[in-house]
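Q: Below: one structure in structure tokens.
Rule-based calculations on the coordinates, nothing more; no lab input. Worth saying up front: this structure is predicted, and the values here are computed from it rather than measured. With ideal geometry, Cβ positions are generated from the backbone for all residues, glycine too; neighbour counts draw on all protein chains shown.
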Amino acid sequence: MNYQGKGFGKELLTTVIGWCETKPLGEADTIYTSCDGKNEGAISLYQAAGFEITGEKIDGEIVLKRSLMGGHSDE
Ligand SMILES: CC(C)(COP(=O)(O)OP(=O)(O)OC[C@H]1O[C@@H](n2cnc3c(N)ncnc32)[C@H](O)[C@@H]1OP(=O)(O)O)[C@@H](O)C(=O)NCCC(=O)NCCS
């Protein structure tokens, strides 16, 4: 069975962002992730959750960031 495209990724990402907003590792205002720059599904998932492409690359993957302050990152 294919479990993609059924909302699980969105729900998981929303839960992870909510956990990050509790500042479990101490004060923080931005969270980061990375993915293959050709992975349109992952990029759409992250952008829909408020992530922005930073323009940086790490280990060949594009970097995305999201503010934990409710809006866009101010970096
Ligand atoms: C990318 C991945 C994590 C998305 O998870 P998912 O459970 O399939 O996604 P969801 O059903 O929760 O969709 C959430 C949003 O993601 C985006 N999305 C998901 N699949 C997409 C696709 N094939 N093309 C474009 N956008 C897509 C959409 O914005 C979607 O929102 P919408 O349904 O309101 O339009 C999942 O498909 C996956 O595991 N892919 C293979 C491995 C991978 O690419 N991992 C990411 C590494 S960073």
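Q: If you go through the stretch 18-56 one residue at a time, how many are surrounded by 11 or more Cβ atoms within 10 Å (Cβ to Cβ) and under 13 Å from SER67 (Cα atoms)?
A: Total meeting the criteria: 17.
Q: Would you pick out the residues in the stretch 1-42 that are more than 8 Å from the ligand (Cβ to nearest atom) and among the aliphatic types (A, V, I, L, M)?
A: Of the stretch 1-42, the ones more than 8 Å from the ligand (Cβ to nearest atom) are 1-2, 14-32, 37-38.
Across the stretch 1-42, the qualifying residues are MET1, VAL16, ILE17, LEU25, ALA28, ILE31.
Q: Restricting the search to the stretch 10-44, which residues are of a type in the set (Ser, Thr, Tyr) and within 12 Å of the chain's Cα centre (by Cα)?
A: Within the stretch 10-44, THR14, THR15, THR30, TYR32, THR33, SER34, SER44 meet the criteria.
Q: Quick check, is THR15 outside any loop (DSSP other than H, G, I, E, B), loosely packed, with under 14 Cβ neighbours inside 10 Å and not hydrophobic (A, V, I, L, M, F, W, C)?
A: yes
Q: Filtering the stretch 45-73 down to residues that are within 10 Å of the chain's Cα centre (by Cα) and part of a loop (DSSP other than H, G, I, E, B), which residue is nearest to TYR3 (Cα to Cα)?
A: ALA49
Q: Tell me which residues, restricted to the stretch 18-65, are in contact (Cβ under 8 Å) with a residue 24 or more places away in the chain and acidic (Asp, Glu).
A: The answer is GLU21, ASP29, ASP36, ASP59, GLU61.
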